[in-house]
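Only one structure is covered here, and it is reproduced in the block below.
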Amino acid sequence: MRADPADYRLVSPGNLLGALSLLASEPAQWLPIAGGTDVMVLYSAGKLTNRNLIDIWNIPELRQIEVFPDRISIGAACTYTVLRQHEIVSREFSLLATAASWTGGIANQNRGTLGGNIANASPAADSLPALLVYDAVLTLISVRGERRVPYRTFHTGYKQTILAADELILNISLPRRFSKYFSHARKVGARNAQAISKVCLAALGQVANGAIRDVRLALGSVAPVPLRLNETEKMLTGKEIEPSLIDAARKSVLKEIRPIDDIRSTARYRSAVACNLVTEFLAKLAAEGAAA
Amino acid sequence: MNPSSAESAKRGISFIVNGEAKKVLAHPMERLLDVLRNNLGLTGAKEGCGEGECGSCAVLLDDMLVNSCLIPIAQANGASVVTIEGMSAHSLMKPLQESFLECGGAQCGICTPGMILAAAHLLDKKLDPTLADIREGLAGNLCRCTGYMQIFEAVAKAARRRVTQ
Ligand SMILES: Cc1cc2nc3c(=O)[nH]c(=O)nc-3n(C[C@H](O)[C@H](O)[C@H](O)COP(=O)(O)OP(=O)(O)OC[C@H]3O[C@@H](n4cnc5c(N)ncnc54)[C@H](O)[C@@H]3O)c2cc1C
Ligand code: FES
Ligand code: FES
């Protein structure tokens with residue numbers, strides 16, 4: 001049943017301190033809303049249990065992108081459109097810009113935010129594998145202060161995160177050391193825009209003297225959380241890309257992922273696609289290495 | 001404020017709609033779509049899905065294409081909104097209208113306001129869009145009637161027409 005707007009409050013403090021004070025004033029009572037592309041869908045379906053919302057869309061500290069020599073810091077409420085248009089993001093973090101281009105149509109990209117994608121914590125979210133391979137660091141903020149946490153520690157289980165009830169994600173920081181890597185992103189879904197992924201891959205790799213110098217692989221929709229393939233990466237590092245290595249990688253991928261059957265796909269299909277995506281990436285990386 | 005009694009009072013919302021200053025009294029979580037249709041009588045934006053999937057409720061909010069079914073009215077406070085009704089003055093309107101007519105870009109018309117706004121948003125940014133640009137620009141707008149090709153052709157034609165005009 002459709003929600004009755006009279007049952008909900010939405011407050012717009014317009015500044016960071018106001019939002020944080022409100023979040024802290026009544027623990028776990030207030031839900032932030034940024035672009036609303038997840039929250040409003042729940043609300044419209046009558047499934048939003050939080051009755052008190054804080055508007056964080058128009059908070060300047062959450063909207064800025066700062067470029068430093070060694071890293072870029074992206075405000076949590078930056079939209080997909082802003083990310084796609086940003087010169088450094090599109091040049092040095094193409095996996096993120098590509099994921100942004102997949103996240104619904106243009107109207108959705110004009111509203112949906114990176115912080116919203118992270119906090120919403122769907123294992124199918126398209127930007128999150130990119131954040132894993134880029135070694136993103138999150139700054140979380142509350143009236144108690146700030147803390148910086150590696151993004152890889154953020155998700156603790158299906159839709160579970162370390163974000164405290166009084167905290168906001170302030171920004172997402174990415175080290176600028178991957179621009180020379182070969183990068184490859186691929187989403188498999190009913191279609192790219194407007195369809196939730198069945199499986200998506202973000203991958204980075206470097207080949208030197210015929211062997212893999214470094215490789216970073218992350219998949220969406222194959223586990224309760226966005227998954228970095230640590231074991232497969234370790235197994236691949238230092239090796240030459242040849243058919244036997246690709247076979248071993250496929251076996252290792254199957255060991256690491258924990259896909260499920262759901263309305264969008266089956267565990268079997270997801271396993272096959274996950275292996276194929278990693279294979280495709282390794283073939284491209286090998287070609288890249290041979291050309292270099 | 002006591003959150004357990006989350007009863008919201010109506011609030012004054014001031015915004016610009018199609019160039020005119022408007023003030024409405026609304027609950028902050030009322031959807032922009034409903035305020036446009038019910039309070040302001042602007043029924044060009046349609047409700048198709050109500051969940052951000054179809055684009056039939058698209059409007060421009062501070063020059064950005066958005067789906068008005070996903071915007072709480074409080075987030076439009078102080079903003080400028082353009083609906084299809086406000087597009088008549090837009091320089092792209094004539095070429096878009098003519099091309100949609102000639103190419104059969106509209107049948108039942110439910111998707112058309114959103115299609116036109118998405119097309120205008122695209123053409124405002126890209127002078128000479130490729131078919132891929134057009135497909136991407138309209139990917140968030142669903143049409144149950146035309147099969148899309150007529151719409152893509154209409155937008156391409158409007159772009160060419162604008163360049164030659
Ligand atoms: C039509 C449609 C298509 C979509 N397609 C895709 C897709 O292809 N891929 C994909 O990954 N997603 C997709 N989405 C989901 C959605 O657009 C993204 O998850 C988006 O990034 C959410 O951002 P938002 O700002 O709109 O979040 P909101 O709805 O505002 O918030 C989402 C959650 O995050 C919390 N939150 C937001 N910002 C912060 C912050 N700074 N600190 C702490 N908590 C915060 C909110 O409290 C809420 O729990 C789609 C949605 C729609 C409607
Ligand atoms: S009604 Fe808003 S997108 Fe379908
Ligand atoms: S013309 Fe009928 S939905 Fe597009």
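The values are calculated or read from the model by the stated rules, or taken from the named source; none is laboratory data. Everything quoted here is computed from the prediction, not taken from an experiment. As a convention, Cβ positions derive from the backbone with ideal geometry for all residues, glycine included, and neighbour counts pool all protein chains shown. With ligands, DNA and RNA removed, areas are computed over all heavy atoms of the protein, side chains included. Shrake-Rupley method; radii C 1.70, N 1.55, O 1.52, S 1.80 Å.
Worth a mention:
- In this simple spin-label approximation, residue A:16 and residue A:291 carry label points 7 Å from Cα along the Cα→Cβ vector, and these lie 4.2 nm apart.
- The range A:5-55 - percent of accessible surface contributed by carbon and sulfur, probe 1.4 Å: 57
- Gyration tensor (alpha-carbon) shape descriptor, the protein assembly as shown, a/c threshold 1.5: oblate
- Taking the average, over residues, of other Cβ atoms within 10 Å as the packing measure, peptides A:252-260, A:225-233 rank A:225-233, A:252-260 from highest down.
- Charge dipole of the range B:3-87 about the Cα centre (unit charges at C-beta), most positive-ward option of B:83, B:32, B:14: B:14
- The range A:190-292 - charge dipole about Cα centre, Lys and Arg +1 at Cβ, Asp and Glu -1, debye rounded to 20: 300
- In the context of the full set of protein chains, the protein assembly as shown has a per residue accessible area of 43 Å² (1.4 Å probe).
- All Cα-Cα separations within the range A:5-55 were binned at 5 Å from zero, giving a P(r) of 5, 20, 32, 24, 14, 4, 0, each value a whole percent of the pairs.
- Dipole of chain B, positive direction: furthest Cα of B:108, B:139, B:96, with charges on the beta-carbon: B:96
- Structure-based [θ]222 nm, chain A - -39500 (n - 2.57) summed over DSSP H runs of at least 4, per residue, nearest 500: -9500 deg cm²/dmol
- More than 22 angstrom apart: percent of Cα pairs within chain B: 43
- Taking the Cα centre of chain A as reference, the dipole from Cβ charges on Lys and Arg (+1) and Asp and Glu (-1) amounts to some 520 debye.
- For the chain pair A and B, the interface hides roughly 3000 square angstrom of accessible area in total, found with a 1.4 Å probe.
- In nm, spacing of pseudo-spin labels at residue A:153 and residue A:66 (7 Å Cα→C-beta vector): 2.2
- Judged by the ratio a/c of the largest to the smallest principal axis of the C-alpha gyration tensor, the range A:122-183 counts as oblate, that ratio being 1.5 or greater while a/b is no larger than b/c.
- Surface accessible to a 1.4 Å probe, residue A:82 within the full protein complex, Å²: 60
- In chain B, the portion of solvent-accessible area held by carbon and sulfur atoms comes to 52 percent [1.4 Å probe, whole percent, DNA, RNA and ligands not counted].
- Gain upon complete extension [residue A:4, residue A:261; 0.36 nm per residue less C-alpha separation]: 89.1 nm
- In the range A:88-110, burial by the other protein chains removes 40 Å² or more of accessible area from A:106, A:107, A:110, compared with the chain on its own (1.4 Å probe, ligands and nucleic acids ignored).
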